[in-house]
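J.: Structure provided below as structure tokens; questions to follow.
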Amino acid sequence: LVEDQPYETIVKISSASPRMAFQAIPLFQDVLHQVRHRKRIYCEIKPASRGRDTMARELATLLREYKPLGDVVLHSFSAEWLEAVHATTCELDVKYGFLFDKIESLDAIAGGLKERLDYLHPEYHLLLAEPATVLEHGLTINTWTVNRHDDLRLLLALKGAERIEGIITDNPSLC
């Protein structure tokens with residue numbers, strides 16, 4: 001598992017792959033240093049089998065050094081991991097988002113976390129199938145992964161589409 005490997009091992013394995021040989025794998029602090037508040041950073045918190053509280057503390061340390069200006073969005077599919085991150089970063093000027101691919105996941109978020117969210121990041125089919133349920137929360141939306149022009153047009157025609165801030169795609173020609 002990637003989570004069990006030191007960074008140096010991941011870099012070594014990656015550099016041995018012809019497909020990955022010319023793609024650097026930056027550490028998060030490298031990304032922060034490179035961006036320097038010029039762009040918004042979306043940092044997805046990936047649940048692991050262990051280390052949640054350690055990861056949350058280390059992330060908070062890096063972000064304190066960075067001094068976010070509302071330009072870092074911490075988001076996850078896991079409400080539990082997002083709660084842990086919030087507990088260590090709530091004094092910082094960061095935003096929080098929830099990724100989901102089932103309406104039930106959104107419904108299951110505890111009230112406290114739901115009130116602290118700034119963004120919802122639904123899979124786009126949910127937004128098309130149940131726009132009122134997603135949009136009723138009044139939060140800014142970033143949806144994923146839209147790869148067809150027809151789906152993009154449908155999303156942009158939704159009542160409440162003005163709250164869609166970002167559309168994630170694997171198809172750059174879509175823009």
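The values are calculated or read from the model by the stated rules, or taken from the named source; none is laboratory data. Everything numeric in this text was worked out from a predicted model, so none of it was measured. Glycine also receives a Cβ, built like all others from the backbone with ideal geometry; neighbour counts cover every protein chain displayed. Note: areas computed on protein heavy atoms with side chains; ligands, DNA, RNA excluded. Shrake-Rupley method; radii C 1.70, N 1.55, O 1.52, S 1.80 Å.
J.: Relative contact order for the chain using alpha-carbon pairs under 8 Å, separation at least 6, rounded to a whole percent?
T.: Averaging sequence separation for qualifying contacts and normalising by length gives 14 percent for the chain.
J.: Taking Cα pairs under 8 Å and at least six residues apart, what relative contact order does the range 119-175 come out at, in percent?
T.: Relative CO of the range 119-175 lands at 38 percent.
J.: Report the residue, chosen from Phe28, Phe98, Phe77, that carries the largest GNM mean-square fluctuation when the chain is represented by alpha-carbon nodes joined by springs under 10 Å.
T.: Answer for the Gaussian network model of the chain: Phe28.
J.: Based on the alpha-carbon gyration tensor of the range 17-100 and its eigenvalue square roots a ≥ b ≥ c, which shape applies: rounded if a/c is under 1.5, prolate if not and a/b is larger than b/c, or oblate?
T.: oblate
J.: Taking the 0 to 90 degree range and rounding to the nearest ten, how far is the long axis of helix 7-16 tilted relative to the main principal axis of the chain, both from C-alpha atoms?
T.: Computed tilt is about 80 degrees.
J.: Still on this structure: Taking a probe of 1.4 Å, how large is the accessible area per residue of the chain, in Å²?
T.: Per residue, the chain has 59 Å² of solvent-accessible surface.
J.: Residue by residue through the range 49-54, which ³J(HN,Hα) values in whole Hz follow from phi under the Karplus form 6.51 cos²θ - 1.76 cosθ + 1.60 (θ = phi - 60°), with glycine and proline marked x?
T.: 6, 7, x, 4, 5, 5
J.: Taking 0.36 nm per residue of separation and subtracting the Cα-Cα distance, what length does fully extending Ile13 through Thr133 add?
T.: Roughly 38.9 nm would be gained on extension.
J.: In debye, nearest 20: dipole of the range 64-159 around its Cα centre with unit charges on the Cβ of K, R (+) and D, E (-)?
T.: 240
J.: Using every pair of alpha-carbon atoms in the range 64-156, split the distances into 10 Å bins beginning at 0 and state the percent of pairs per bin, rounded to integers.
T.: 15, 47, 28, 10, 0
J.: Among the lysines, which have Cα under 24 Å from the Cα of Lys102 when same-chain residues fewer than 8 positions away are ignored?
T.: Output for Lys102: Lys46, Lys114, Lys159.
J.: Helix-only mean residue ellipticity at 222 nm, the chain, DSSP H runs n ≥ 4 weighted -39,500 (n - 2.57), per residue, nearest 500. What is it?
T.: Value at 222 nm, helices only: -11500 deg cm²/dmol.
J.: Could you please state, rounded to a whole Å, how far the C-alpha centre of the range 31-81 is from the C-alpha centre of the range 93-161?
T.: Cα centroid of the range 31-81 versus Cα centroid of the range 93-161: 20 Å apart.
J.: Further, regarding this structure: When the dipole is taken about the Cα centre of the range 121-175, and only Lys, Arg (+1) and Asp, Glu (-1) are charged at their Cβ, what size is it in debye, to the nearest 20?
T.: With Lys and Arg at +1 and Asp and Glu at -1, about 120 debye.
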